Amino acid sequence: MFSPFEYKRPETIEEVFELLNQNDNSQIVAGGTDLLVKLREAESSPDFLIDIKELDELKGIEQENNEIKIGALTTITEIKENKLIKDKLYALYQAASEFGCYEIRNRATIGGNVVHASPGAEYGVPLFALEAEVEVVGQNGIKRLPIEEFWYDVGRVKLDNELLKSIIINIDKNEKSSYHRLSRVEGMDLAVVNTALVKRSDNKYRSYFGTVARTPYQNKKIDAILSKENFNKKSFKKIQDIINESVSPRSSSLRASPEYKKRMVVSLLKKCLRDIGELGDDIDG
Amino acid sequence: MAKEIKTTINNKKYKIEVPPQMTLLELLREKLIMTGTKEGCGNGECGACTVLLNDKPVRSCIVLAHEIEGKEVITIEGLKETGDFKEIKEAFIAEDAVQCGFCTPGFVMAIKALLNRTKTPTDEEIKEALGGHLCRCTGYESIHKAVKRLVK
Ligand SMILES: Cc1cc2nc3c(=O)[nH]c(=O)nc-3n(C[C@H](O)[C@H](O)[C@H](O)COP(=O)(O)OP(=O)(O)OC[C@H]3O[C@@H](n4cnc5c(N)ncnc54)[C@H](O)[C@@H]3O)c2cc1C
Ligand code: FES
Ligand code: FES
């Protein structure tokens, strides 16, 4: 058993804030697939657990004008099975397909994944590449901020007695997207490295690389090369050089060496380009 | 502090005192002495503890017992009373899909959930349903074949 705590499952957001205010050492739980593992490993020992699974305001996937809004409590299975996501935000569908296993996908939420903010998290690189924004709800109302401002370090997000409400993506700006990851065991391990690529409506590219830095990593020079029209084999050499010079993944990683990671993110980038249909057969992956 | 919860386990109604920090797996094994559900990793990674919560397979080692308030749980003990169990058991025997048997209750619950979703799962769907279940003995092939045997 975990060390003792109290448990409540409020039905409204207001109740959540009341509970947060009354209890100093409280913790939010959604699907619990990160938190319960942490509790067992005694990395976290809250006095009070606030289960937000019943909050309908944080659920569902909707399109409003040119934006798709994904509620924080949306499960990975719901993302995988949603037609709008598969049609318009393919990278998010691909990330759901790679995520954990059947039972985990049924419980794990996208909000929990973002708030947990682990370097190889499935919803790091694709949401950064899609220039997602997050909606945060606090006692004084709702605010909206870019995901790279919200998720600012390993395991750190900007929340102060607040809840992540939803994730918002503009579908006019993002034309095509792709996501790939490499892991030691298919499904049941976090990504060793991961990469997402977005082709924007103005034909510019945005690429992000995971686990090579503390947060999803972007290099504007790489995006400039990708966005040039005469992209060719030599371009990958340049991209590899930029990666080699600009990132230094920590050597204490349990999953892979820095050298391997640097090579593999570029290899995954090729896969993403191929998905988006921009890579001829002459360039091998 | 322990609090009383009302729930249904294997079609039987329960009112039980449960401390909030107890997992569903602990409730089943240690309080209700339903030891058919196994604990392997205790961290959501192996699938040995799989039970159905409102018909969906969950890993009971990472579900709090309090979460089943007002819901329905089916464990391997409950399934054992049904015709489906008999069929799955016979398929496992026919394909030699059990060796030490530790992973078997978890696999059986995942297979039951799969067959609830579709009577005719494809190879891909079988792999998706069982992909997160670890077996140290069989090499998986025989378990996959047992499921195929159930798909007519
Ligand atoms: C076996 C296994 C396999 C896994 N495989 C993968 C994988 O392949 N890829 C991957 O990326 N992850 C994986 N994970 C990690 C985990 O499942 C994900 O990070 C998941 O998305 C977390 O969501 P959750 O709802 O379960 O979070 P919880 O554990 O409920 O919460 C995580 C954290 O976020 C906070 N939180 C949750 N929701 C909100 C909210 N709306 N507002 C404010 N705070 C909130 C909680 O307080 C907690 O600190 C795996 C975990 C396990 C056990
Ligand atoms: S014991 Fe629950 S998944 Fe291993
Ligand atoms: S039969 Fe021994 S672990 Fe599967």
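Quantify, in whole percent, the carbon and sulfur part of the accessible surface of the range A:56-280 (1.4 Å probe; protein heavy atoms only).
Taking all protein chains in place, the range A:56-280 shows 44 percent carbon and sulfur surface.
Per-residue Cβ counts within 10 Å, from other chains only, averaged over A:103-111: what number is that?
Counting Cβ atoms of other protein chains within 10 Å of each residue's Cβ and averaging gives 5.
Ignoring ligands, DNA and RNA, what accessible area per residue does the protein assembly as shown give at 1.4 Å, in Å²? Walk me through the numbers before you get to the answer.
Working: 20450 Å² over 437 residues.
Result: 47 Å² per residue.
Only counting protein heavy atoms at a 1.4 Å probe, give the residues of the range A:24-41, ordered by number, whose accessible area falls by 10 Å² or more when the other protein chains are present relative to the chain alone.
Those are A:T33, A:L36, A:V37, A:R40, A:E41, which lose 10 Å² or more relative to the chain on its own.
Over the range A:135-269, what is the relative contact order in percent, taking alpha-carbon pairs closer than 8 angstrom and at least six residues apart?
19 percent.
Counting only protein heavy atoms and a 1.4 Å probe, tell me what percentage of the range B:20-152's accessible area is made up of carbon and sulfur.
Roughly 49 percent of what the probe reaches on the range B:20-152 is carbon or sulfur.
Across the residues of B:127-133, average count of Cβ atoms on other protein chains within 10 Å?
Whole-number average of other-chain Cβ neighbours for B:127-133 is 5.
As a test of the definition: with a 1.4 Å probe, what buried accessible area, both sides summed, do you compute for B against A, in Å² to the nearest 100? Mind showing how you got there, number by number?
Working: alone 8420 and 14490 Å², together 20450 Å².
Separately minus together, B and A give about 2500 Å² buried.
How many angstrom lie between the C-alpha centres of the range B:103-129 and the range A:91-167?
Answer, in whole Å: 30.
Are there any GluC sites (Glu not before Pro) in the range A:200-266 that are in a DSSP loop and have at most 14 other Cβ atoms within 10 Å? List them by number.
Answer in residue order: A:E229.
Which entries of A:K237/A:K261; A:K59/B:K56; B:K89/B:K145; A:K38/B:K112; A:K176/B:K127 have Cα-Cα distances beyond 23 Å here?
Those over the limit are A:K38/B:K112; A:K176/B:K127.
Got the relative contact order for the range A:6-51 handy, in percent, Cα pairs under 8 Å and 6 or more residues apart?
Numbers: 44 pairs, mean separation 27.0, N = 46.
Relative contact order, the range A:6-51: 59 percent.
Skipping prolines and chain starts, which residues have an amide H placed within reach, meaning under 5 Å, of the one on B:V18, given they are 5 or more residues away or on another chain?
Here B:K3, B:E4, B:I5 satisfy the definition.
For A:R40, A:R214, give the ranking by accessible area with the largest first, probe 1.4 Å.
Sorted descending by solvent-accessible area, the residues read A:R214, A:R40.
Which aspartates and glutamates have a Cα lying under 16 Å from the Cα of A:K233, excluding residues fewer than 8 positions away in the same chain?
A:D223, A:D241, A:E278, A:D281, A:D282, A:D284
Could I have the simple spin-label model distance between A:E57 and A:N232, label points 7 Å from Cα toward Cβ, reported in nm to one decimal?
Going by the 7 Å Cα→Cβ label model, 5.7 nm.
Looking at the protein assembly as shown only, what percent of DSSP beta bridges run antiparallel? Nearest 5 please. Don't jump to the answer; show the numbers that get you there.
Numbers: 52 of 61 bridges.
For the protein assembly as shown, the DSSP antiparallel bridge percentage is about 85.
Under a straight-distance cross-link criterion of Cα-Cα below 17 Å, which aspartates and glutamates are reachable from B:K152, leaving out those fewer than 8 residues away in the same chain?
Those aspartates and glutamates meeting the cut-off are B:D84, B:E87, B:E90, B:E95, B:D123, B:E124, B:E125.
For A:R184 and A:N161, FRET efficiency with R0 = 45 Å and r from the beta-carbon atoms, rounded to 0.05?
So, using R0 = 45 Å, E works out to roughly 0.75.
Net charge around A:N174, counting only other residues with Cβ within less than 13 Å of its Cβ (Lys, Arg = +1; Asp, Glu = -1)?
Every neighbour counted, the sum reads 0.
Can you tell me how much longer the chain between A:A224 and A:E67 gets when fully stretched, taken as 0.36 nm per residue apart minus their C-alpha distance, in nm with one decimal? Each step should come with its number before you reach the end.
On the way: separation 157, 0.36 × 157 = 56.52 nm, distance 2.59 nm.
Gain on stretching A:A224 to A:E67: 53.9 nm.
When only C-alpha pairs under 8 Å and at least 6 residues apart count, what is the relative contact order of the range B:3-75, in percent?
Reported as a whole number, the value is 39 percent.
Could you work out the helix-only [θ] at 222 nm for the protein assembly as shown, with each DSSP H run of four or more residues adding -39,500 (n - 2.57) and the total divided by the number of residues, to the nearest 500 deg cm²/dmol?
Calculated mean residue ellipticity at 222 nm is -9500 deg cm²/dmol.
The values are calculated or read from the model by the stated rules, or taken from the named source; none is laboratory data. Everything quoted here is computed from the prediction, not taken from an experiment. Quick reminder, even Gly has a Cβ in these numbers, built from the backbone with ideal geometry, and neighbours come from all protein chains shown. Protein only, heavy atoms only, side chains kept; ligands, DNA and RNA dropped before computing areas. Shrake-Rupley method; radii C 1.70, N 1.55, O 1.52, S 1.80 Å.
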